[in-house]
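Contents: one structure, followed by commentary.
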Amino acid sequence: MLPIQKIIVSVLVISELWRMSERIIETKLWLIEGYKFDVNFDADYLPNLISDEPKPTGEGSGPNAPRLLAAAVGQCMSSSLIYCLKKARIPINNLETTVKTNLFKNEKGLTRIKSIDIQIMLEVNEEHKKRLNRCLTIFEDYCTVTQSIRNGIQVNIRVN
């Protein structure tokens, strides 16, 4: 094997290991008052976010957990589609995503999420529409959030 081939193979192996490796994203929440939290993300360039429960439980001064989950799913699915379209060199004229989170009460009377419905309104020029099918077939696989929810996420809790 030539030296340049070794370098290329090494870069591909490292790239694949990184892709398959586990990473940790850390999010911290500080109680402000009532049910209002200051949410801090582990990247300096991201602004803090206020989350809160809706009235009458909280003050409604920020999105609650189901709304944040809906935003995460919607943003992830939209970004996955955008990524695929960019790779396919299909320009986007407009993209609007609506996420409907369907809540229900379980047998204990506790609110749970039954389902999440996502509608993506995509506008591309007519000449690119025949090339959309490939992206529409595969983009969901690349959404980290949606696929993790579908497969069930292990949640570990410790209260000190």
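The values are calculated or read from the model by the stated rules, or taken from the named source; none is laboratory data. As the structure is a computational prediction, the values presented were derived from the model and not from experiment. Note: ideal-geometry Cβ built from the backbone for every residue, glycine included; neighbour counts use all protein chains shown.
Miscellaneous remarks
- Qualifying residue in region 73-87 (condition: aliphatic (A, V, I, L, M), in contact with an Asp or Glu (Cβ under 8 Å, 6 or more places away or on another chain) and under 26 Å from L29 (Cα atoms)): yes
Listed here are the residues, each with its yes/no results for (1) closer than 20 Å to T137 by Cα; (2) touching a strand residue (DSSP E or B) at 6+ places or on another chain (Cβ under 6 Å); (3) part of a strand (DSSP E or B); (4) modelled with pLDDT under 95.
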| site | (1), (2), (3), (4) |
| --- | --- |
| I50 | no, no, yes, no |
| G58 | no, no, no, no |
| A70 | no, yes, no, no |
| L81 | yes, no, no, no |
| E107 | no, no, no, no |
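- Criterion: over 18 Å from the mean Cα position of the chain (by Cα) and farther than 26 Å from N102 by Cα - qualifying residue of D52, D44: D44
- Note on region 32-48: residues that are surrounded by 13 or more Cβ atoms within 10 Å (Cβ to Cβ) and part of a strand (DSSP E or B) amount to 7.
- Residue match in region 109-122 (condition: of a type in the set (V, I, T) and over 27 Å from R67 (Cα atoms)): no
- Residue count, region 109-140 (criterion: part of a helix (DSSP H, G or I) and surrounded by fewer than 10 Cβ atoms within 10 Å (Cβ to Cβ)): 4
- The requirement of being under 26 Å from T27 (Cα atoms), modelled with pLDDT under 95, loosely packed, with under 10 Cβ neighbours inside 10 Å and not acidic (D, E) is fulfilled somewhere in region 141-151, by at least one residue.
- Hits in region 113-140 - residues which are touching a residue at least 60 places away in the same chain (Cβ under 8 Å) and acidic (D, E): E140
- Filter result (under 25 Å from the mean Cα position of the chain (by Cα) and either farther than 20 Å from I149 by Cβ or of a type in the set (V, I, T) (or both)) within region 106-126: T111, I113, I116, I118, I120, M121, L122, E123, V124
- Each residue in region 65-104 was checked for being crowded, with 17+ Cβ neighbours inside 10 Å and within 19 Å of Y35 (Cα to Cα), and 1 pass.
- Considering region 143-160, the residues that are part of a helix (DSSP H, G or I) and free of Cβ contacts under 8 Å to residues at least 60 places away in the same chain include one that is nearest to C84 (Cα to Cα), namely Q147.
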